[in-house]
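The values are calculated or read from the model by the stated rules, or taken from the named source; none is laboratory data. All of these numbers come straight from a predicted model, not from anything done at the bench. Cβ placement follows ideal geometry from the backbone for every residue including glycine, while neighbour counts extend to all protein chains displayed. The area values use the complete protein model at the heavy-atom level, side chains included, leaving out ligands, DNA and RNA. Shrake-Rupley method; radii C 1.70, N 1.55, O 1.52, S 1.80 Å.
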Amino acid sequence: MARLYEVGQLMQEAAKRSDDLADAAQAPARPAVVNDDAVRSALARHMSRISGGRTEIISFGRKSSGFSWITYAFVARSADGDRKLILRVGPPNGLFAPYTVLPQVYALQALAGTGVPVPALVSFEQDGAEIGFPFFICQHVEGDVPAPWAASGLDPQHKRAIARLFVEILASLHRIDAGTTPFASLQQGEERAELRAIGGWRASLARPTARYYPLLDWGGRWLHDNCPQPPRRTIVHGDYRIGNFIEHEGRITAILDWELTHLGDPHEDLAWALMPTFNARSRKLYGVLERAEVIDLYQGASGIAVSDRSLAFYEAYALYQAAAIQMCAVRAFEVDRFNDMRLAVMASQMPSIVRAFERALEAAA
């Protein structure tokens, strides 16, 4: 009965959030779907305002990468010349709606000029007054986004060099004193961010529209009750993996997708990066770096001792979070009508994720 009550409480919390969203829908009307032509027109007005002169938007188009924010590449043409820029928009029916730009804005502001390469921030609006949705604009960074499952033809030594850079940049991120950056404002109250995040995923999985998996129900509670103390509280990227950076001429020129960034346990990023899902199903990082080598390199570069117990916990948590994200994606497609066929097929991945989560829980316990 206690377990049923707990699930009931989580469902009530989720329902209340749905009611809050319904109330928000009664506010001044915003478009329910992101219309590219409307965005382009509004973007021209916004760029003209912030530049102080007429700006034309050319070469405007969506990029297919990403499952959450909508990404556009464009050129802003003004009397001062052309600027290649990126616009990211939080759609009202997206994977993690309703959106806030602040974590990503804080990341681009705080990490500029550090050992963590990020695109330069140009402009942002949380209320989306001009475009109609939360958005931010940053500089375009030259290079390519590597896809680990399509990189088998690359020189292994090239991949090894990139993988080592990837680990060293993560260590640089975790060495930064978050208290001196805007990230400090992300800490809400006394509750640890890890526990708040687990609670949020549990509530998401308890929504009436989510498919029910008993193991995820039980496992979410176990994660909450057994979350280890962090060795130190660092800036956590939240989605640090192969595929979320730009590579150019043998260098990593930008780390991307900071929407899940928070203050937390550095083991979380390390565990997420090591997931076989992001490494073409290999137990090696980018298919080339052995797990022990990754840990040794990270410890030496960060000065943080990696705990086997904490890493095992966060490897289980990574799979739990992956399962919750899959369910969010299915909901975004089936319930909120977010028109991206990639989201529709995510439910098919749930059985393998749940099985992997079961094995990871056994290892963590």
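Worth pointing out:
- Loop-resident sites, the range 99-205, for GluC sites (Glu not before Pro), counting at most 12 other Cβ within 10 Å (DSSP): GLU142, GLU190, GLU191
- Loop GluC sites (Glu not before Pro), the range 207-309 (other Cβ atoms within 10 Å of the site Cβ: 15 or fewer; DSSP): GLU249, GLU290
- Net charge in the neighbourhood of PHE313 (other residues with Cβ under 11 Å of its Cβ; Lys, Arg +1, Asp, Glu -1) is -4.
- Mean sequence separation of contacting Cα pairs (under 8 Å, at least six apart), scaled by the length of the range 42-196, corresponds to a relative contact order of 17 percent.
- Computed from phi, the 3J(HN,Hα) profile of the range 121-126 under the Karplus parametrisation 6.51, -1.76, 1.60 (θ = phi - 60°) reads 6, 10, 6, 7, 9, 6 Hz, with x in place of Gly and Pro.
- Accessible area per residue in Å² at 1.4 Å probe, computed on the range 129-269: 43 Å²
- Cα gyration tensor, the range 187-252 - rounded (a/c under 1.5), prolate or oblate: oblate
- Other-chain or far-sequence residues with amide H under 5 Å of ALA254's (modelled H): ILE246
- In this calculation the C-beta distance from ARG196 to GLN229 is compared with R0 = 25 Å, giving a FRET efficiency of 0.95.
- Each label was represented as a point 7 Å from its Cα along the Cα-to-Cβ direction; for GLU142 and ALA73 these points are 1.3 nm apart.
- Chain lengthening between ILE58 and ARG355 when straightened (0.36 nm per residue, less Cα-Cα): 102.2 nm
- Between the range 252-281 and the range 53-94, the Cα center-to-center distance that results, in Å: 25 Å
- In the range 266-313, the trypsin sites (Lys or Arg not before Pro) that fall in loop regions by DSSP, at most 12 other Cβ within 10 Å: ARG281, ARG283
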